[in-house]
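The block underneath contains the structure these notes are about, expressed in structure tokens.
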Amino acid sequence: MISEYAQLQGVDPAEVEAGFDGGVEFDSLIGVELAIGLEDALGVSIPDEDLVIPEAYESLHSFAAAIQACVDRSHSTSTGGNA
């Protein structure tokens, strides 16, 4: 998440890490762009309905939690529910 955001925004990863819980610019436009890169990087599908939750855009941290939920569901589905 940190490296994808840093690359997308052209900032140092250490700066992103320092502002992970609300100190870096983050909104739904950045989130949607970030989700596209994360789908490729993580090899999971991020359903559009998971991206319409306003709370996911409160900070990079909250967005990461929403993406982790997608990863967890994808893993659970691929392992037959035995995550």
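The values are calculated or read from the model by the stated rules, or taken from the named source; none is laboratory data. All figures in this text were calculated on a predicted structure; none of them were measured in a lab. With ideal geometry, Cβ positions are generated from the backbone for all residues, glycine too; neighbour counts draw on all protein chains shown.
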#### Entry: Sole residue being modelled with pLDDT of 90 or more, surrounded by fewer than 16 Cβ atoms within 10 Å (Cβ to Cβ), at negative phi and not basic (Lys, Arg), chosen from Glu25, Glu49
Glu25
### Query
Does Ser74 satisfy the criteria of being among the hydroxyl-bearing types (Ser, Thr, Tyr), without any contact (Cβ under 8 Å) to a residue 40 or more places away in the chain and part of a loop (DSSP other than H, G, I, E, B)?
no
### Query
Being surrounded by fewer than 14 Cβ atoms within 10 Å (Cβ to Cβ), in contact with a His (Cβ under 7 Å, 6 or more places away or on another chain) and aliphatic (A, V, I, L, M), is that true of even one residue in the stretch 36-46?
no
### Message
Can you pull out every residue in the stretch 1-36 that is aliphatic (A, V, I, L, M) and under 18 Å from Glu55 (Cβ atoms)?
### Response
Met1, Val24, Leu29, Ile30, Val32, Leu34, Ala35
### Query
Residues Val32, Val16: which one is assigned to a helix (DSSP H, G or I), in contact (Cβ under 8 Å) with a residue 12 or more places away in the chain and surrounded by fewer than 14 Cβ atoms within 10 Å (Cβ to Cβ)?
Val32
### Filter result (acidic (Asp, Glu) and farther than 26 Å from Thr77 by Cβ) within the stretch 1-59
Asp12, Glu15, Glu17, Asp21, Glu25, Asp27, Glu58
